[in-house]
Amino acid sequence: MIGTRNPEFITTMISSFTQANEVLANTINQIMYYFRGSLTRDDAWAMCFTEREIAVQFINDRFKDAQEMMKAQIPVFV
């Protein structure tokens, strides 16, 4: 671990934390954007991993529904 004082390992570990943080921030922004203000930034950040995954799955399902409706020429964005 970091106690090994191995600079390569420490750099790799910090990079992975940075990358995971960026992914988290992007997911939070995506959830907030598609929920159109019904979820505050604090609420989105307070969500646990499972809650965020459920929210993202909900958004993806709505996109699939809209895509199917558009294929059937049903107005979606009115």
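Where a number appears in this text, it was derived from the coordinates with a stated rule and is not lab data. Because the structure is predicted, anything quoted here is derived from the model rather than measured. Virtual Cβ from ideal backbone geometry, glycine too; neighbours counted across all protein chains shown.
The dipole here belongs to the chain: it is taken about the Cα centre, uses +1 on the Cβ of Lys and Arg and -1 on the Cβ of Asp and Glu, and is about 120 debye. Counting Lys and Arg as +1 and Asp and Glu as -1 over every other residue whose Cβ lies under 12 Å from the Cβ of SER15, the net charge comes to -2. Mind pulling the angle between the C-alpha long axis of helix 49-71 and the longest principal axis of the chain? Nearest 10 degrees, somewhere in 0 to 90. The angle comes out near 30 degrees. A DSSP coil position with no more than 12 other Cβ atoms inside 10 Å describes the following trypsin sites (Lys or Arg not before Pro) in the chain: ARG5, ARG36.
Charge tally around ILE28: other residues with Cβ under 13 Å, Lys/Arg +1 each, Asp/Glu -1 each, net -3. Across the options PHE77, TRP45, ASN6, the greatest Cα extent toward the positive end of the charge dipole of the chain (unit charges at beta carbon of Lys, Arg, Asp, Glu) belongs to PHE77.
In degrees, nearest 10, range 0 to 90: what is the angle between the Cα axis of helix 7-34 and the longest Cα principal axis of the chain? With both axes taken from Cα atoms, the answer is about 20 degrees. With neighbour counts taken as other beta-carbon atoms within 10 Å, the residues LEU24, LEU39 rank, fewest first, as LEU24, LEU39. Put a dot 7 Å past the Cα of GLN73, heading toward its Cβ, do the same for THR50, and the two dots end up 4.5 nm apart.
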